[in-house]
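This report concerns only the one structure given below.
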Amino acid sequence: EEVIALDPGYPSGYSLLGTTHMMDVWFGLSKSPGKSLAEAVRLYEKAIVINPSAALTRGLLGMVYTMMRQHEKGIAELEKAIALNPNVADNHAWFGFLLHLNGRHKEALVEIKKAIRLNPFPRSIYFMYLGHAYMYEGMYDESIAAYKKALHVQPHNLFPHLRLAAVYSLLELEE
């Protein structure tokens, strides 16, 4: 808010403030998730009006729409973001995750692998997304390998452990 007050024409101020609202929802800190997400959308859109070529901001907007269960809008924003700058790894990872949520697992794998190639130090969440898409494609060995990579990057993250347990139980059911 202080950055915006100092320079209302600086798009990153709006984008960063929008991200705080999104993260409040992501981490369960918002008293009103709907209002927080709506405010994030408003702030991202303001940043995009100031700088229409802000690929990362468009990607974040796509993620907020996803959190609002407006998947078509999320897909559209992430497609625009990738068209603006195909080298933003996070946008490919988020797009892959959104495709996975929409049952388009093979397409998701392509996007997530692209994110991993683009980022020399892929974040744990990239491998989580990869593991999800592999698991839903029935590619359990690949899913296990992806979740183990997520743990290598972030050993104390509970979620790869939970997903590994799910994949191992699916393997047990199929034998």
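The values are calculated or read from the model by the stated rules, or taken from the named source; none is laboratory data. In this text, all values refer to a predicted model and were calculated from it rather than measured experimentally. We place every Cβ from the backbone using ideal geometry, glycine too, and count neighbours over all the protein chains shown. Ligands, DNA and RNA are stripped out before the accessible areas are found, and what is left, the full protein with its side chains, is counted by its heavy atoms. Shrake-Rupley method; radii C 1.70, N 1.55, O 1.52, S 1.80 Å.
Residues in the stretch 1-47 that are among the basic types (Lys, Arg) and farther than 15 Å from residue 58 by Cα: 31, 35. With respect to (1) open to solvent by 30 Å² or more (accessible area, probe 1.4 Å); (2) touching a Phe, Trp or Tyr at 6+ places or on another chain (Cβ under 8 Å), the lone exception for residue 141 is condition (2). Among the residues making up the stretch 1-13, those that are surrounded by 14 or more Cβ atoms within 10 Å (Cβ to Cβ) and without any contact (Cβ under 8 Å) to a residue 40 or more places away in the chain are 4, 12, 13.
Residue-by-condition table, conditions (1) touching a helix residue (DSSP H, G or I) at 6+ places or on another chain (Cβ under 9 Å); (2) surrounded by 24 or more Cβ atoms within 10 Å (Cβ to Cβ); (3) not basic (Lys, Arg):
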{"residue": "37", "(1), (2), (3)": "yes, no, yes"}
{"residue": "40", "(1), (2), (3)": "yes, yes, yes"}
{"residue": "43", "(1), (2), (3)": "yes, yes, yes"}
{"residue": "51", "(1), (2), (3)": "yes, no, yes"}
{"residue": "55", "(1), (2), (3)": "yes, no, yes"}
{"residue": "59", "(1), (2), (3)": "yes, yes, yes"}
{"residue": "66", "(1), (2), (3)": "yes, no, yes"}
{"residue": "73", "(1), (2), (3)": "yes, no, no"}
{"residue": "81", "(1), (2), (3)": "yes, yes, yes"}
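For the stretch 110-134, taking the residues that are within 13 Å of the chain's Cα centre (by Cα) and small (Gly, Ala, Ser), the one that is nearest to residue 164 (Cα to Cα) is identified as 124. Residue count for the stretch 135-151 under the criterion of being farther than 13 Å from residue 163 by Cα, out of contact with any helix residue (DSSP H, G or I) (no Cβ under 8 Å at 6 or more places or on another chain) and not aliphatic (A, V, I, L, M): the result is 1.
For the stretch 21-62, residues that are under 22 Å from residue 89 (Cα atoms), touching a residue at least 12 places away in the same chain (Cβ under 8 Å) and either hydroxyl-bearing (Ser, Thr, Tyr) or not in a helix (DSSP H, G or I) (or both) total 5.
Given the condition of a type in the set (D, E, K, R) and under 15 Å from the mean Cα position of the chain (by Cα), answer yes or no: does some residue in the stretch 50-62 qualify? Yes, because at least one residue in the stretch 50-62 is of a type in the set (D, E, K, R) and under 15 Å from the mean Cα position of the chain (by Cα).
Across the stretch 103-136, the qualifying residues are those that are open to solvent by less than 60 Å² (accessible area, probe 1.4 Å) and part of a loop (DSSP other than H, G, I, E, B), and the one among them that is farthest from residue 58 (Cα to Cα) is 103.
Being surrounded by 24 or more Cβ atoms within 10 Å (Cβ to Cβ), at pLDDT 95 or above, closer than 30 Å to residue 7 by Cβ and within 11 Å of the chain's Cα centre (by Cα) is the requirement here; does residue 96 meet it?
Details: surrounded by 24 or more Cβ atoms within 10 Å (Cβ to Cβ): yes; at pLDDT 95 or above: yes; closer than 30 Å to residue 7 by Cβ: no; within 11 Å of the chain's Cα centre (by Cα): yes.
So residue 96 fails the test.
Among residues of the stretch 150-175 that are at negative phi and at pLDDT 95 or above, those with a beta-carbon under 8 Å from a residue that is open to solvent by 50 Å² or more (accessible area, probe 1.4 Å) and in a helix (DSSP H, G or I) at least six positions away or on a different chain give the pairs 150/125; 150/159; 151/161; 160/148; 164/148. Might you let me know whether the stretch 155-163 holds any residue that is polar (S, T, N, Q), within 26 Å of residue 28 (Cβ to Cβ) and open to solvent by less than 40 Å² (accessible area, probe 1.4 Å)? Among the residues of the stretch 155-163, at least one is polar (S, T, N, Q), within 26 Å of residue 28 (Cβ to Cβ) and open to solvent by less than 40 Å² (accessible area, probe 1.4 Å), which makes the answer yes.
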